[in-house]
């Protein structure tokens, strides 16, 4: 078991690097998440790994530790209602302006969210009569290099592909291989993946009309949430749309957004 001093030091390390707040008495989580790295880097116990981070901050080791602690589960069309709002309300509203539409999936993990967005966009575009609307582009970011590699590959096992995907969508958007199910090129090329730490500047990403930042901020402190929401707001012009997790709210951290209610659920709009 990690002692209290080492746990406190590791908690500070994560908070400074990526804003993650471990909270109290979660030594078991650290031990569980780092167990594979102990074998890979030939450490006998977690304390030895922490000493290595303290003694010589190897960028590879640091990156792998952050990857292990920040990788979270995801699923296709999570909660469903944001994707229905996107298809029925947001895309038609923005398309009427006849301007390019840019969508950002923040903390995209292994790609299920941005690929779900791409499927919705493809299905919506298929309903439009000629001429088609202005182009829609999707940028997906994550802190983890390894999880981004998985997302770019677009290859999923049998268990992953059934979580949130209808049989019809599985058949339409995936090809079955010996080692799994791969997203088809038409959907894959709609998404551009890149590494981004939400603790850093987003300016280089450019402006977005739609942002998905869902089920991410529950892991951050109040100050970090304020910083992230302020950063997101700066990347959006008035009238842009923000989707957060079903149990998340932004009112305590920023006044840059107003709540919009639809029959499908709620979303936020940039003031």
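The values are calculated or read from the model by the stated rules, or taken from the named source; none is laboratory data. All values reported here derive from a predicted model rather than from experimental measurement. Cβ sites come from the backbone with ideal geometry, for glycine too, and all protein chains shown count toward neighbours.
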So is residue 215 assigned to a loop (DSSP other than H, G, I, E, B), in contact with a helix residue (DSSP H, G or I) (Cβ under 9 Å, 6 or more places away or on another chain) and either modelled with pLDDT under 95 or at negative phi (or both) or not?
no
Over segment 150-168, the set of residues assigned to a helix (DSSP H, G or I), surrounded by 15 or more Cβ atoms within 10 Å (Cβ to Cβ), over 14 Å from the mean Cα position of the chain (by Cα) and at pLDDT 95 or above is none
Among the residues that make up segment 225-238, is at least one of them outside any loop (DSSP other than H, G, I, E, B), surrounded by fewer than 16 Cβ atoms within 10 Å (Cβ to Cβ) and in contact with a strand residue (DSSP E or B) (Cβ under 6 Å, 6 or more places away or on another chain)?
yes
Out of the residues in segment 118-149 meeting the condition of being assigned to a helix (DSSP H, G or I) and buried (at least 18 other Cβ atoms within 10 Å of the Cβ), tell me which one is modelled with the lowest pLDDT.
147
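Give me the helices (runs of 4 or more DSSP H) completely within segment 19-95, filtered to those with at least 1 residues that are more than 26 Å from the chain's Cα centre (by Cα) and closer than 21 Å to residue 6 by Cα, ordered by residue number.
It comes to 27-40, 46-55.
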Within segment 170-197, work out how many residues are within 23 Å of residue 83 (Cα to Cα) and within 15 Å of the chain's Cα centre (by Cα).
4
Filtered residues of segment 71-101 (kept if in contact with a helix residue (DSSP H, G or I) (Cβ under 9 Å, 6 or more places away or on another chain) and more than 16 Å from residue 266 (Cα to Cα))
71, 72, 74, 75, 76, 92, 95, 101
Of the residues that make up segment 159-173, is at least one more than 30 Å from residue 69 (Cβ to Cβ), in contact with a strand residue (DSSP E or B) (Cβ under 9 Å, 6 or more places away or on another chain) and either touching a residue at least 12 places away in the same chain (Cβ under 8 Å) or not assigned by TED's automatic domain parsing to the domain that holds residue 231 (or both)?
yes
Check whether at least one residue in segment 245-257 is assigned to a loop (DSSP other than H, G, I, E, B), closer than 20 Å to residue 136 by Cα and at pLDDT 95 or above, and report yes or no.
no
Pull up segment 100-117, narrow it to residues that are surrounded by fewer than 23 Cβ atoms within 10 Å (Cβ to Cβ) and either outside the structural domain of residue 232 (by TED's automatic domain parsing) or touching a residue at least 60 places away in the same chain (Cβ under 8 Å) (or both), then point me to the one that is farthest from residue 205 (Cα to Cα).
101
